[in-house]
Amino acid sequence: DTAVSQTPKYLVTQMGNDKSIKCEQNLGHDTMYWYKQDSKKFLKIMFSYNNKELIINETVPNRFSPKSPDKAHLNLHINSLELGDSAVYFCASSQAGGLTGELFFGEGSRLTVL
Amino acid sequence: AQKITQTQPGMFVQEKEAVTLDCTYDTSDQSYGLFWYKQPSSGEMIFLIYQGSYDEQNATEGRYSLNFQKARKSANLVISASQLGDSAMYFCAMGPLYNFNKFYFGSGTKLNVKP
């Protein structure tokens, strides 16, 4: 079983649309994240969330919103998509207080906005 | 503020040779973790190795070792006996211990292994 899974893997859409990317982890971790990897391969954290706290990177536009129906899921909703939103979005999870603090990543979702 | 710098955008290495990927960092945290991830062309992010700032010995994982020099604030990745499958992007990352909310990645190094 895949530890952190994201769907869809590829998403092509028009400017102005609203889209969602789903993420599920079966590791029993208490914290989940969304990262954005731009065309230059730079990875930047967007959100982190556990059942107590949502932390938002202040540079993320409010068109982006994470939604967590339960501890194992953290979905990413994007409203009014713009060309600059084209990127690969990675979901990740971790266990607070883990010994090595390994961050487990999903396979990424490539979003293309036309 | 934290900063991660990878100064080698691309590198070539001959198969079976060793290669060192550079990573320097800056942080005001007393305790922190340093990580290396591999991203093959397929896109997934694969965890390779971890070093805690409190660890006195350099971390090793199979053919991967982390050359940690705390005073120089460097955490270079050494890959021994390179294989064709090692061709990928490699990212250095760091953050305060147990706090991935402040987890930052470097810009990456593209490694090409030549047969």
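The table that follows gives values for the structure above.
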| read-out | value |
| --- | --- |
| Residue in segment B:61-83 that is farther than 22 Å from A:ARG110 by Cα, more than 9 Å from the chain's Cα centre (by Cα) and within 12 Å of another protein chain (Cβ to nearest Cβ) present | yes |
| Index of the failed condition, B:ALA88 passing every other in (1) at the interface with chain A (Cβ under 10 Å from one of its Cβ atoms); (2) closer than 16 Å to A:LYS41 by Cβ; (3) crowded, with 19+ Cβ neighbours inside 10 Å | (1) |
| Residue satisfying all of: in segment A:39-55; within 10 Å of chain B (Cβ to nearest Cβ) and aliphatic (A, V, I, L, M); farthest from B:PRO9 (Cα to Cα) among these | A:ILE55 |
| Selection status of A:GLY28, under 27 Å from B:PRO9 (Cβ atoms) and over 15 Å from the mean Cα position of the chain (by Cα) | no |
| The lone exception for B:SER42 - which of (1) within 30 Å of A:GLN6 (Cβ to Cβ); (2) of a type in the set (Ser, Thr, Tyr); (3) at pLDDT 95 or above it fails | (3) |
| Long-range neighbours under 9 Å by Cβ, at least six apart or interchain, first residue more than 7 Å from chain A (Cβ to nearest Cβ) within segment B:102-115, second of a type in the set (Asp, Glu) and not in a strand (DSSP E or B) | B:LYS102/B:ASP29; B:THR109/B:ASP22; B:LEU111/B:ASP86; B:VAL113/B:GLU15; B:VAL113/B:GLU17; B:VAL113/B:ASP86; B:LYS114/B:GLU15; B:PRO115/B:GLU15 |
| Of residues in segment B:47-56 being within 14 Å of chain A (Cβ to nearest Cβ) and of a type outside the set (Gly, Ala, Ser), the one surrounded by the fewest Cβ atoms within 10 Å (Cβ to Cβ) | B:TYR54 |
| Residues of segment B:18-46 classified as within 11 Å of chain A (Cβ to nearest Cβ), surrounded by 14 or more Cβ atoms within 10 Å (Cβ to Cβ) and more than 15 Å from the chain's Cα centre (by Cα), total | 2 |
| In segment B:77-107, the residues that are modelled with pLDDT of 95 or more and closer than 19 Å to A:CYS91 by Cβ | B:MET89, B:PHE91 |
| Only listed residue being touching a residue at least 60 places away in the same chain (Cβ under 8 Å), out of contact with any strand residue (DSSP E or B) (no Cβ under 6 Å at 6 or more places or on another chain) and surrounded by fewer than 16 Cβ atoms within 10 Å (Cβ to Cβ), chosen from B:ALA81, B:ALA71 | B:ALA81 |
| Per-region count, segment A:1-44, residues closer than 17 Å to A:GLN95 by Cβ, hydrophobic (A, V, I, L, M, F, W, C) and either assigned to a strand (DSSP E or B) or without any contact (Cβ under 8 Å) to a residue 40 or more places away in the chain (or both) | 3 |
| Positions within segment A:1-55 being of a type in the set (A, V, I, L, M, F, W, C), surrounded by fewer than 20 Cβ atoms within 10 Å (Cβ to Cβ) and more than 15 Å from A:ILE78 (Cα to Cα), in sequence order | A:ALA3, A:LEU27, A:PHE42, A:LEU54, A:ILE55 |
| Selected residue (criterion: surrounded by the most Cβ atoms within 10 Å (Cβ to Cβ)) from residues of segment A:56-67 that are in a strand (DSSP E or B) and not polar (S, T, N, Q) | A:PRO66 |
| Residues satisfying the stated conditions in segment B:5-17, i.e. more than 26 Å from A:VAL4 (Cβ to Cβ) and surrounded by 14 or more Cβ atoms within 10 Å (Cβ to Cβ) | B:THR5, B:GLN8, B:MET11, B:VAL13 |
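The values are calculated or read from the model by the stated rules, or taken from the named source; none is laboratory data. Because the structure is a prediction, the values reported are computed rather than measured. Cβ: placed from backbone, ideal geometry, glycine included. Neighbour counts: every protein chain shown.
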